[in-house]
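*Asks:* Sharing a structure below in C-alpha coordinates format, with a few things to ask.
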Amino acid sequence: MNVQINLNRLMGRIFALGEIGALHGGGVKRLALSDEDRAGRDLVIKWMEEAGLQITTDVIGNTWGVRAGFEDAAPVIIGSHIDTVATGGLYDGALGVLAGLEIIQALNDAGAVTRLPVGIAFFTNEEGARFAPDMMGSGVAQGALDLDEMLSVQGIDGKTVGEELLRIGYAGKASVLALRPHCFLELHIEQGPVLEAESLAIGAVTGVQGISWAEYVIEGQSCHAGTTPMVMRHDAGLVAAQIAVEARAIANDFGSPQVATVGMFDVSPGLVNVVPERAVLTVDLRNTCDETLKKAEERLNRAAEDFAVAQGCKVQRRSLARFAPVKFDLGLVGEIESHAKSLGYSVRLMPSGAGHDAQMFAPNCPTAMVFVPSKDGLSHNINEFTAPEHIAPGVDVLLRVVLGQAELVSQ
Ligand code: HGY
Ligand code: MN
Ligand code: MN
(Lines give C-alpha, C1' and ligand atoms only; values in the text may rest on other atoms or scores of the structure.)
(Ligands and ions follow the chains in the order given, each with its own letter.)
Protein backbone atom coordinates (compact mmCIF):
# COMPACT_ATOMS: atom_id res chain seq x y z
CA MET A 1 0.00 0.00 0.00
CA ASN A 2 1.66 3.27 -0.99
CA VAL A 3 -0.44 5.52 1.23
CA GLN A 4 2.40 6.40 3.57
CA ILE A 5 2.30 8.54 6.72
CA ASN A 6 5.06 11.14 6.85
CA LEU A 7 5.79 11.29 10.58
CA ASN A 8 8.18 14.24 10.26
CA ARG A 9 5.52 16.30 8.49
CA LEU A 10 3.01 15.46 11.24
CA MET A 11 5.47 16.32 14.03
CA GLY A 12 6.40 19.53 12.22
CA ARG A 13 2.75 20.58 12.22
CA ILE A 14 2.29 19.62 15.89
CA PHE A 15 5.25 21.84 16.80
CA ALA A 16 4.09 24.66 14.49
CA LEU A 17 0.61 24.67 16.03
CA GLY A 18 2.26 24.45 19.45
CA GLU A 19 3.97 27.78 18.75
CA ILE A 20 0.55 29.42 18.92
CA GLY A 21 -0.20 30.18 22.55
CA ALA A 22 3.20 28.83 23.58
CA LEU A 23 3.93 29.51 27.28
CA HIS A 24 7.36 30.60 28.51
CA GLY A 25 8.95 27.48 29.95
CA GLY A 26 6.92 25.15 27.76
CA GLY A 27 3.33 24.17 27.25
CA VAL A 28 0.50 25.93 25.49
CA LYS A 29 -2.43 28.16 26.40
CA ARG A 30 -5.06 28.35 23.67
CA LEU A 31 -8.28 28.86 25.64
CA ALA A 32 -11.44 28.46 23.56
CA LEU A 33 -12.35 31.48 21.41
CA SER A 34 -9.27 33.42 22.54
CA ASP A 35 -6.95 35.20 20.10
CA GLU A 36 -4.64 32.20 20.36
CA ASP A 37 -7.51 29.85 19.47
CA ARG A 38 -8.32 32.04 16.46
CA ALA A 39 -4.70 31.92 15.32
CA GLY A 40 -4.62 28.15 15.76
CA ARG A 41 -7.85 27.78 13.78
CA ASP A 42 -6.51 30.03 11.02
CA LEU A 43 -3.34 27.93 10.73
CA VAL A 44 -5.18 24.59 10.56
CA ILE A 45 -7.61 25.99 7.99
CA LYS A 46 -4.65 27.19 5.89
CA TRP A 47 -3.34 23.60 5.93
CA MET A 48 -6.81 22.29 5.07
CA GLU A 49 -6.98 24.68 2.09
CA GLU A 50 -3.50 23.63 0.92
CA ALA A 51 -4.72 20.03 1.04
CA GLY A 52 -7.61 21.01 -1.25
CA LEU A 53 -10.40 20.27 1.24
CA GLN A 54 -13.95 21.57 1.03
CA ILE A 55 -14.19 23.62 4.24
CA THR A 56 -17.31 24.34 6.31
CA THR A 57 -17.79 26.24 9.58
CA ASP A 58 -21.02 25.89 11.55
CA VAL A 59 -22.97 28.23 13.81
CA ILE A 60 -20.82 27.51 16.86
CA GLY A 61 -17.50 27.60 15.05
CA ASN A 62 -16.93 23.88 14.51
CA THR A 63 -14.91 23.56 11.30
CA TRP A 64 -14.39 20.60 9.03
CA GLY A 65 -12.62 19.98 5.71
CA VAL A 66 -13.65 17.12 3.42
CA ARG A 67 -11.63 15.35 0.66
CA ALA A 68 -13.97 14.15 -2.10
CA GLY A 69 -14.62 10.44 -2.46
CA PHE A 70 -15.64 8.49 -5.54
CA GLU A 71 -19.19 8.76 -4.24
CA ASP A 72 -20.82 11.90 -2.91
CA ALA A 73 -21.81 10.31 0.40
CA ALA A 74 -21.46 10.79 4.16
CA PRO A 75 -17.76 11.20 4.97
CA VAL A 76 -15.47 9.31 7.30
CA ILE A 77 -14.59 12.05 9.79
CA ILE A 78 -11.43 12.21 11.88
CA GLY A 79 -11.83 14.90 14.52
CA SER A 80 -10.71 16.42 17.78
CA HIS A 81 -9.96 19.92 19.12
CA ILE A 82 -7.28 22.59 19.06
CA ASP A 83 -8.33 24.60 22.11
CA THR A 84 -6.36 23.80 25.28
CA VAL A 85 -6.56 24.37 29.02
CA ALA A 86 -4.47 27.21 30.47
CA THR A 87 -1.60 24.86 31.29
CA GLY A 88 -1.95 22.70 28.20
CA GLY A 89 0.41 20.60 26.15
CA LEU A 90 1.23 20.16 22.48
CA TYR A 91 -0.75 16.94 21.99
CA ASP A 92 -4.16 17.06 23.76
CA GLY A 93 -6.57 17.54 20.84
CA ALA A 94 -4.00 18.82 18.35
CA LEU A 95 -2.69 15.30 17.73
CA GLY A 96 -6.11 14.10 16.64
CA VAL A 97 -6.75 16.96 14.23
CA LEU A 98 -3.26 16.95 12.72
CA ALA A 99 -3.09 13.15 12.43
CA GLY A 100 -6.29 13.41 10.40
CA LEU A 101 -4.68 16.06 8.21
CA GLU A 102 -1.63 13.83 7.76
CA ILE A 103 -3.84 10.94 6.62
CA ILE A 104 -5.50 13.25 4.08
CA GLN A 105 -2.08 14.44 2.91
CA ALA A 106 -0.88 10.82 2.55
CA LEU A 107 -3.98 10.04 0.45
CA ASN A 108 -3.24 13.08 -1.70
CA ASP A 109 0.44 12.14 -2.09
CA ALA A 110 -0.56 8.65 -3.21
CA GLY A 111 -3.26 9.99 -5.57
CA ALA A 112 -5.54 7.57 -3.77
CA VAL A 113 -9.28 7.42 -4.47
CA THR A 114 -11.61 6.33 -1.68
CA ARG A 115 -15.25 5.36 -2.21
CA LEU A 116 -16.37 7.59 0.64
CA PRO A 117 -15.16 11.12 1.28
CA VAL A 118 -12.69 11.54 4.16
CA GLY A 119 -12.69 14.66 6.31
CA ILE A 120 -11.07 16.22 9.35
CA ALA A 121 -12.73 18.41 11.95
CA PHE A 122 -11.96 20.57 14.95
CA PHE A 123 -14.66 21.43 17.45
CA THR A 124 -15.22 24.55 19.47
CA ASN A 125 -14.42 24.55 23.19
CA GLU A 126 -13.74 20.89 23.81
CA GLU A 127 -11.94 21.73 27.05
CA GLY A 128 -14.66 23.66 28.86
CA ALA A 129 -11.92 25.46 30.80
CA ARG A 130 -13.06 29.00 29.87
CA PHE A 131 -16.71 28.23 29.07
CA ALA A 132 -18.43 25.25 30.71
CA PRO A 133 -19.46 22.62 29.75
CA ASP A 134 -16.72 20.86 27.87
CA MET A 135 -17.31 19.23 24.47
CA MET A 136 -19.52 22.27 23.82
CA GLY A 137 -19.09 22.58 20.04
CA SER A 138 -19.37 18.89 19.28
CA GLY A 139 -22.29 18.63 21.72
CA VAL A 140 -24.17 21.38 19.86
CA ALA A 141 -23.20 19.95 16.45
CA GLN A 142 -24.67 16.57 17.39
CA GLY A 143 -27.82 17.84 19.12
CA ALA A 144 -26.74 17.04 22.69
CA LEU A 145 -26.50 20.71 23.74
CA ASP A 146 -28.79 23.61 22.81
CA LEU A 147 -27.17 26.19 20.51
CA ASP A 148 -28.78 29.32 21.98
CA GLU A 149 -28.12 28.18 25.52
CA MET A 150 -24.45 27.58 24.71
CA LEU A 151 -24.04 30.90 22.85
CA SER A 152 -25.23 32.68 26.00
CA VAL A 153 -22.85 30.84 28.36
CA GLN A 154 -20.70 33.32 30.24
CA GLY A 155 -17.05 32.37 30.63
CA ILE A 156 -14.79 32.69 33.66
CA ASP A 157 -13.84 36.14 32.35
CA GLY A 158 -17.42 37.35 31.90
CA LYS A 159 -17.52 37.22 28.08
CA THR A 160 -20.18 35.03 26.39
CA VAL A 161 -19.53 32.29 23.84
CA GLY A 162 -21.61 34.16 21.26
CA GLU A 163 -19.68 37.42 21.70
CA GLU A 164 -16.30 35.72 21.47
CA LEU A 165 -17.31 33.60 18.49
CA LEU A 166 -18.25 36.79 16.60
CA ARG A 167 -15.14 38.61 17.81
CA ILE A 168 -12.77 35.96 16.43
CA GLY A 169 -14.79 35.66 13.22
CA TYR A 170 -15.84 32.03 13.57
CA ALA A 171 -19.62 32.29 13.77
CA GLY A 172 -20.24 30.18 10.69
CA LYS A 173 -23.28 29.58 8.54
CA ALA A 174 -23.70 25.79 8.59
CA SER A 175 -26.49 24.64 10.87
CA VAL A 176 -26.48 22.30 13.83
CA LEU A 177 -26.40 18.67 12.62
CA ALA A 178 -24.83 19.78 9.29
CA LEU A 179 -21.97 17.36 10.01
CA ARG A 180 -23.34 13.82 9.56
CA PRO A 181 -20.41 11.41 9.33
CA HIS A 182 -20.47 7.85 7.99
CA CYS A 183 -18.37 7.19 11.08
CA PHE A 184 -16.32 9.29 13.50
CA LEU A 185 -12.77 8.46 14.59
CA GLU A 186 -10.51 10.26 17.07
CA LEU A 187 -6.85 9.67 17.86
CA HIS A 188 -5.90 11.08 21.27
CA ILE A 189 -3.19 10.82 23.89
CA GLU A 190 -4.39 8.70 26.81
CA GLN A 191 -3.70 11.51 29.29
CA GLY A 192 -3.31 8.89 32.02
CA PRO A 193 -0.74 6.28 33.17
CA VAL A 194 -2.15 2.97 31.92
CA LEU A 195 -0.54 2.39 28.50
CA GLU A 196 2.88 3.53 29.70
CA ALA A 197 2.65 1.43 32.89
CA GLU A 198 1.74 -1.66 30.87
CA SER A 199 4.23 -0.81 28.07
CA LEU A 200 1.44 -0.88 25.48
CA ALA A 201 1.43 0.97 22.18
CA ILE A 202 -2.31 1.33 21.51
CA GLY A 203 -5.50 1.81 23.50
CA ALA A 204 -8.68 0.66 21.72
CA VAL A 205 -11.09 2.88 23.62
CA THR A 206 -14.38 1.23 24.61
CA GLY A 207 -16.13 4.40 25.79
CA VAL A 208 -16.02 7.50 28.00
CA GLN A 209 -16.89 7.67 31.70
CA GLY A 210 -19.68 9.88 33.08
CA ILE A 211 -18.78 13.50 33.90
CA SER A 212 -20.39 15.77 36.51
CA TRP A 213 -19.13 19.35 36.99
CA ALA A 214 -20.71 21.61 39.62
CA GLU A 215 -20.03 25.07 41.04
CA TYR A 216 -20.83 25.71 44.72
CA VAL A 217 -21.29 29.32 45.90
CA ILE A 218 -21.31 29.75 49.68
CA GLU A 219 -22.54 33.00 51.27
CA GLY A 220 -21.44 33.71 54.86
CA GLN A 221 -20.58 36.91 56.67
CA SER A 222 -17.30 38.78 56.78
CA CYS A 223 -16.15 39.83 60.24
CA HIS A 224 -13.01 40.62 62.19
CA ALA A 225 -10.60 37.70 62.48
CA GLY A 226 -9.48 38.82 65.92
CA THR A 227 -12.52 40.05 67.73
CA THR A 228 -15.21 37.62 66.56
CA PRO A 229 -15.70 34.56 68.80
CA MET A 230 -15.64 31.29 66.81
CA VAL A 231 -19.28 30.47 67.67
CA MET A 232 -20.43 33.74 66.11
CA ARG A 233 -18.81 33.21 62.74
CA HIS A 234 -20.47 32.36 59.43
CA ASP A 235 -17.28 31.35 57.69
CA ALA A 236 -17.91 30.68 53.96
CA GLY A 237 -14.30 29.61 53.53
CA LEU A 238 -14.67 26.86 56.11
CA VAL A 239 -17.77 25.46 54.38
CA ALA A 240 -15.95 25.47 51.03
CA ALA A 241 -13.01 23.63 52.57
CA GLN A 242 -15.33 21.05 54.11
CA ILE A 243 -16.97 20.46 50.70
CA ALA A 244 -13.54 19.98 49.14
CA VAL A 245 -12.53 17.45 51.83
CA GLU A 246 -15.85 15.62 51.41
CA ALA A 247 -15.28 15.35 47.64
CA ARG A 248 -11.98 13.58 48.31
CA ALA A 249 -13.63 11.38 50.97
CA ILE A 250 -16.23 10.26 48.42
CA ALA A 251 -13.50 9.22 45.97
CA ASN A 252 -11.67 7.36 48.75
CA ASP A 253 -14.82 5.65 50.04
CA PHE A 254 -16.15 4.68 46.58
CA GLY A 255 -12.74 3.60 45.32
CA SER A 256 -11.62 3.40 41.67
CA PRO A 257 -12.87 4.35 39.12
CA GLN A 258 -14.56 7.17 41.15
CA VAL A 259 -12.53 10.38 40.89
CA ALA A 260 -13.13 13.81 42.40
CA THR A 261 -11.35 17.09 41.72
CA VAL A 262 -11.66 20.56 43.20
CA GLY A 263 -10.10 22.59 40.40
CA MET A 264 -11.21 26.11 41.28
CA PHE A 265 -11.36 27.42 44.88
CA ASP A 266 -11.82 31.09 45.68
CA VAL A 267 -12.66 32.92 48.93
CA SER A 268 -13.47 36.60 49.26
CA PRO A 269 -12.50 39.11 50.27
CA GLY A 270 -9.38 36.94 50.54
CA LEU A 271 -7.65 38.99 53.25
CA VAL A 272 -5.59 37.70 56.12
CA ASN A 273 -7.66 39.30 58.88
CA VAL A 274 -11.19 38.98 57.42
CA VAL A 275 -13.38 35.88 57.87
CA PRO A 276 -14.52 35.01 54.31
CA GLU A 277 -18.02 36.16 53.48
CA ARG A 278 -18.17 34.27 50.18
CA ALA A 279 -16.53 31.23 48.65
CA VAL A 280 -16.79 29.61 45.23
CA LEU A 281 -15.44 26.19 44.28
CA THR A 282 -15.91 23.70 41.47
CA VAL A 283 -16.14 19.93 41.90
CA ASP A 284 -15.50 17.51 38.99
CA LEU A 285 -16.85 14.01 39.74
CA ARG A 286 -16.47 11.12 37.27
CA ASN A 287 -17.31 7.43 37.18
CA THR A 288 -17.81 4.79 34.50
CA CYS A 289 -21.12 3.86 36.19
CA ASP A 290 -23.87 6.51 36.04
CA GLU A 291 -25.75 5.12 39.08
CA THR A 292 -22.62 5.39 41.23
CA LEU A 293 -21.92 8.87 39.87
CA LYS A 294 -25.43 9.91 40.91
CA LYS A 295 -24.79 8.54 44.41
CA ALA A 296 -21.58 10.55 44.61
CA GLU A 297 -23.42 13.71 43.53
CA GLU A 298 -26.21 13.12 46.07
CA ARG A 299 -23.78 12.50 48.93
CA LEU A 300 -21.79 15.64 48.13
CA ASN A 301 -24.87 17.83 47.82
CA ARG A 302 -26.29 16.58 51.15
CA ALA A 303 -22.97 17.22 52.84
CA ALA A 304 -22.70 20.70 51.35
CA GLU A 305 -26.13 21.61 52.72
CA ASP A 306 -25.27 20.22 56.19
CA PHE A 307 -21.92 22.06 56.32
CA ALA A 308 -23.61 25.34 55.32
CA VAL A 309 -26.43 25.01 57.87
CA ALA A 310 -23.94 24.22 60.64
CA GLN A 311 -22.11 27.50 59.93
CA GLY A 312 -25.21 29.62 59.36
CA CYS A 313 -24.23 30.04 55.70
CA LYS A 314 -26.16 29.58 52.46
CA VAL A 315 -24.95 27.34 49.62
CA GLN A 316 -26.05 27.37 45.97
CA ARG A 317 -25.10 24.57 43.55
CA ARG A 318 -24.98 25.20 39.78
CA SER A 319 -24.40 22.31 37.37
CA LEU A 320 -21.68 23.16 34.82
CA ALA A 321 -21.65 19.89 32.90
CA ARG A 322 -23.37 16.51 33.14
CA PHE A 323 -22.67 13.76 30.60
CA ALA A 324 -23.65 10.12 31.11
CA PRO A 325 -21.10 7.41 30.28
CA VAL A 326 -20.85 6.59 26.56
CA LYS A 327 -20.02 3.30 24.80
CA PHE A 328 -18.20 3.29 21.44
CA ASP A 329 -19.10 1.12 18.45
CA LEU A 330 -17.98 -2.46 19.12
CA GLY A 331 -17.29 -3.10 15.45
CA LEU A 332 -14.99 -0.10 15.12
CA VAL A 333 -13.30 -0.85 18.46
CA GLY A 334 -12.70 -4.37 17.14
CA GLU A 335 -11.19 -2.97 13.93
CA ILE A 336 -8.79 -0.83 15.95
CA GLU A 337 -7.78 -3.80 18.03
CA SER A 338 -7.29 -6.15 15.04
CA HIS A 339 -5.39 -3.59 12.95
CA ALA A 340 -3.09 -2.93 15.90
CA LYS A 341 -2.41 -6.64 16.28
CA SER A 342 -1.85 -7.21 12.55
CA LEU A 343 0.61 -4.30 12.55
CA GLY A 344 2.41 -5.90 15.46
CA TYR A 345 1.46 -3.27 18.06
CA SER A 346 0.58 -4.21 21.63
CA VAL A 347 -2.99 -3.12 22.35
CA ARG A 348 -5.64 -3.25 25.07
CA LEU A 349 -9.26 -2.30 25.43
CA MET A 350 -9.80 0.55 27.88
CA PRO A 351 -12.32 3.24 28.88
CA SER A 352 -11.45 6.92 28.60
CA GLY A 353 -11.10 8.86 31.86
CA ALA A 354 -11.21 12.13 29.93
CA GLY A 355 -14.10 13.55 27.94
CA HIS A 356 -13.71 13.78 24.18
CA ASP A 357 -15.57 15.14 21.15
CA ALA A 358 -16.02 11.55 20.00
CA GLN A 359 -18.50 10.94 22.81
CA MET A 360 -20.91 13.40 21.23
CA PHE A 361 -20.90 11.50 17.93
CA ALA A 362 -21.35 8.04 19.47
CA PRO A 363 -25.18 8.22 19.65
CA ASN A 364 -25.44 9.31 16.00
CA CYS A 365 -22.89 7.25 14.04
CA PRO A 366 -20.35 4.46 14.57
CA THR A 367 -17.64 6.09 16.67
CA ALA A 368 -14.38 4.98 18.27
CA MET A 369 -11.06 6.29 19.54
CA VAL A 370 -7.42 5.27 19.40
CA PHE A 371 -5.15 6.10 22.36
CA VAL A 372 -1.38 6.45 22.41
CA PRO A 373 0.64 6.62 25.66
CA SER A 374 1.27 9.78 27.70
CA LYS A 375 4.69 10.12 29.32
CA ASP A 376 4.31 9.83 33.12
CA GLY A 377 0.56 9.80 32.50
CA LEU A 378 0.64 13.58 32.44
CA SER A 379 -1.80 15.89 30.66
CA HIS A 380 -3.38 19.27 31.36
CA ASN A 381 0.19 19.98 32.33
CA ILE A 382 2.87 21.87 30.38
CA ASN A 383 5.06 18.76 30.50
CA GLU A 384 2.54 16.68 28.53
CA PHE A 385 4.61 14.56 26.12
CA THR A 386 4.28 11.66 23.72
CA ALA A 387 7.36 10.68 21.71
CA PRO A 388 7.10 10.52 17.91
CA GLU A 389 7.82 6.78 18.05
CA HIS A 390 4.76 6.40 20.30
CA ILE A 391 2.61 8.59 18.03
CA ALA A 392 3.42 6.66 14.86
CA PRO A 393 1.59 3.43 15.82
CA GLY A 394 -1.56 5.42 16.59
CA VAL A 395 -1.54 7.12 13.21
CA ASP A 396 -0.77 3.82 11.50
CA VAL A 397 -3.76 2.12 13.10
CA LEU A 398 -6.02 5.13 12.46
CA LEU A 399 -5.00 5.14 8.77
CA ARG A 400 -5.99 1.52 8.34
CA VAL A 401 -9.33 1.96 10.02
CA VAL A 402 -10.00 5.01 7.82
CA LEU A 403 -9.03 3.14 4.63
CA GLY A 404 -11.23 0.24 5.66
CA GLN A 405 -14.20 2.48 6.35
CA ALA A 406 -13.73 4.81 3.35
CA GLU A 407 -12.81 1.87 1.06
CA LEU A 408 -9.71 2.55 -1.01
CA VAL A 409 -10.81 2.33 -4.64
CA SER A 410 -7.46 2.97 -6.29
CA GLN A 411 -4.02 4.36 -5.54
O1 HGY B 1 -12.41 17.47 30.98
C2 HGY B 1 -12.15 16.66 30.11
O3 HGY B 1 -12.23 15.48 30.31
C4 HGY B 1 -11.72 17.12 28.74
O5 HGY B 1 -10.36 17.44 28.79
N6 HGY B 1 -12.48 18.26 28.31
MN1 MN C 1 -8.64 16.45 24.55
MN1 MN D 1 -8.07 18.25 27.58
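The values are calculated or read from the model by the stated rules, or taken from the named source; none is laboratory data. None of these values were measured; they are calculated from a predicted model. When we count neighbours, we look across all protein chains shown, and the Cβ atoms used for this are built from the backbone with ideal geometry, even at glycine. All accessible areas refer to the heavy atoms of the entire protein, side chains included, with ligands and DNA or RNA removed. Shrake-Rupley method; radii C 1.70, N 1.55, O 1.52, S 1.80 Å.
*Asks:* Say whether the condition of being assigned by TED's automatic domain parsing to the domain that holds residue 88, charged (D, E, K, R) and farther than 29 Å from residue 54 by Cβ is met by at least one residue in region 164-176.
*Replies:* no
*Asks:* Hey, another quick one. Quick check on my filter: what residues within region 165-215 are more than 16 Å from ligand 2 (Cβ to nearest atom), in contact with a Gly (Cβ under 9 Å, 6 or more places away or on another chain) and assigned to a strand (DSSP E or B)?
*Replies:* Result: 202, 204.
*Asks:* Now for a separate question. Look at region 265-307 and say how many of its residues are of a type in the set (A, V, I, L, M), touching a residue at least 40 places away in the same chain (Cβ under 8 Å) and not in a helix (DSSP H, G or I).
*Replies:* 8
*Asks:* What strands (runs of 3 or more DSSP E) lie completely within region 63-134 and have 3 or more residues being away from ligand 2 (no atom under 16 Å from the Cβ) and open to solvent by 10 Å² or more (accessible area, probe 1.4 Å)?
*Replies:* 63-67
*Asks:* Within region 76-131, which residues are of a type in the set (D, E, K, R), touching a Gly at 6+ places or on another chain (Cβ under 9 Å) and within 11 Å of ligand 3 (Cβ to nearest atom)?
*Replies:* Across region 76-131, the qualifying residues are 83, 126, 127.
Here's the yes/no breakdown for (1) surrounded by 15 or more Cβ atoms within 10 Å (Cβ to Cβ); (2) within 16 Å of ligand 2 (Cβ to nearest atom):
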| site | (1), (2) |
| --- | --- |
| 293 | yes, no |
| 306 | no, no |
| 310 | no, no |
| 324 | no, no |
| 332 | yes, no |
| 348 | yes, no |
| 361 | yes, yes |
| 370 | yes, yes |
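*Asks:* Turning to a different aspect of this structure: Give the residues of region 242-291 that are open to solvent by 30 Å² or more (accessible area, probe 1.4 Å), more than 17 Å from residue 351 (Cβ to Cβ) and aliphatic (A, V, I, L, M), sorted by residue number.
*Replies:* Result: 245, 262, 264, 267, 271, 272, 274.
*Asks:* Still on this structure, please answer the following. Scanning region 382-402 for residues that are over 17 Å from residue 204 (Cα atoms) and more than 13 Å from ligand 2 (Cβ to nearest atom), which turns out most open to solvent (accessible area, probe 1.4 Å)?
*Replies:* 389
*Asks:* Scan region 334-346 residue by residue and report those that are open to solvent by 60 Å² or more (accessible area, probe 1.4 Å) and of a type in the set (Gly, Ala, Ser). Lay out the reasoning, then the answer.
*Replies:* Of the residues in region 334-346, the ones open to solvent by 60 Å² or more (accessible area, probe 1.4 Å) are 338, 341-342, 344.
Across region 334-346, the qualifying residues are 338, 342, 344.
Quick grid of which residues meet (1) in contact with a His (Cβ under 7 Å, 6 or more places away or on another chain); (2) without any contact (Cβ under 8 Å) to a residue 12 or more places away in the chain; (3) assigned to a strand (DSSP E or B):
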{"position": "339", "(1), (2), (3)": "no, no, no"}
{"position": "348", "(1), (2), (3)": "no, no, yes"}
{"position": "355", "(1), (2), (3)": "no, no, no"}
{"position": "364", "(1), (2), (3)": "no, no, no"}
{"position": "371", "(1), (2), (3)": "yes, no, yes"}
{"position": "389", "(1), (2), (3)": "no, yes, no"}
{"position": "396", "(1), (2), (3)": "no, no, no"}
{"position": "400", "(1), (2), (3)": "yes, no, no"}
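*Asks:* Then there is this: Within the group 318, 299, which residue is touching a helix residue (DSSP H, G or I) at 6+ places or on another chain (Cβ under 9 Å), among the charged types (D, E, K, R) and not assigned by TED's automatic domain parsing to the domain that holds residue 394?
*Replies:* 299
*Asks:* Output the number of residues of region 352-373 satisfying the condition of being touching an Asp or Glu at 6+ places or on another chain (Cβ under 7 Å) and over 20 Å from residue 399 (Cβ atoms).
*Replies:* Of the residues in region 352-373, 1 are touching an Asp or Glu at 6+ places or on another chain (Cβ under 7 Å) and over 20 Å from residue 399 (Cβ atoms).
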